[in-house]
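Report on the following structure.
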Amino acid sequence: MKSTRARLDRLISQKTQIPMSEVRLMLARKQVEVDGNTALDHKQIVTQFSRISVNGQLLQDNSPVYLMLHKPRGVVCATQDKRHTTVIDLIDHPMKDHLHIAGRLDFNSTGIVLLTNDGHWSRNLFSPTAHIQKYYRVTLAETITEETVRAFAEGIYFKYENITTRPATLTPEGARCATVALTEGRYHQIKRMFGVFQNEVLSLHRYQVGALTLDDLPEGKCRLLKQQSAGSNSE
Ligand code: URA
């Protein structure tokens, strides 16, 4: 995912093909505006969402988009797929082809999938170091043991990546049902954690990410979010 921050003179030069030296002169001549203010500092850091105009002509005017989808079973978390419905196919938004998926779910998993054009936001939510809690409801083939609960809390070694998972909370709610709270989002993480105990995950539903919940969003539907509504309720 590309960085969404850039130096103002570089960004203008890249977008207009005007040499950097010329762009700096334009700044000195007060010909550039960022978010309605005259920009003078060529080192000013701007984002993909800064509104930039040069000589009164709009050069960049992107709005951030944050969407929550309630993913049904049997839908692929990909932008294109030849055989299956994708999460993008389920979205009705004019910017849908410019969005990326933040935190994928497996084909048979259900629940919250977030889509955005704001790489900074999605990196922050799903990076293993950001410590934002994700909550799942799982159904298992076998009874959940005390040993499994302890292992989730202590961390489980994944040989392939040579890492130990961060402490996670496994709360049994029945012999074969539980909730899991994780701060990471590694590939097939929950299935692999139960796999260590030969316990197959039969269903997996993500019902919360940080402070974001599905509320009454029906399966297969999406809704727009405010950026500020995600990202709290971290570890
Ligand atoms: N862990 C998994 O194993 N699968 C998911 O879809 C999400 C988390």
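Descriptive notes on the structure:
- Only residues that are in contact with a Ser or Thr (Cβ under 8 Å, 6 or more places away or on another chain) and either at positive phi or modelled with pLDDT under 95 (or both) were counted across segment 21-53, and they come to 5.
- Strands (runs of 3 or more DSSP E) enclosed by segment 1-104 - at least 1 residues per element that are among the polar types (S, T, N, Q): 45-47, 52-54, 57-60
- Condition met for residue 116 (out of contact with any Lys or Arg (no Cβ under 7 Å at 6 or more places or on another chain), touching a residue at least 24 places away in the same chain (Cβ under 8 Å), assigned by TED's automatic domain parsing to the domain that holds residue 212 and within 18 Å of residue 199 (Cβ to Cβ)): no
- Among (1) within 16 Å of the ligand (Cβ to nearest atom); (2) within 17 Å of residue 188 (Cα to Cα), the one test that residue 157 misses: (1)
- Among (1) buried (at least 20 other Cβ atoms within 10 Å of the Cβ); (2) at pLDDT below 95, the one test that residue 114 misses: (2)
- Checking each residue in segment 119-142 for being away from the ligand (no atom under 15 Å from the Cβ) and either assigned to a helix (DSSP H, G or I) or in contact (Cβ under 8 Å) with a residue 60 or more places away in the chain (or both) picks out 119, 120, 121, 122, 123, 124, 130, 131.
- The number of residues in segment 167-196 being in a loop (DSSP other than H, G, I, E, B) and away from the ligand (no atom under 14 Å from the Cβ) comes to 5.
- Pair list, Cβ under 6 Å, 6 or more apart: segment 186-203 residue in the same structural domain as residue 125 (by TED's automatic domain parsing), other residue part of a loop (DSSP other than H, G, I, E, B): 193/156; 196/156; 199/142; 200/141; 202/141
- Filter result (more than 17 Å from residue 105 (Cβ to Cβ) and surrounded by 13 or more Cβ atoms within 10 Å (Cβ to Cβ)) within segment 172-194: 172, 176, 177, 178
The values are calculated or read from the model by the stated rules, or taken from the named source; none is laboratory data. What you see is a predicted model; the values in this text were computed from it and never measured. All Cβ positions, even for glycine, are placed from backbone atoms using ideal geometry, and neighbour counts span all protein chains on display.
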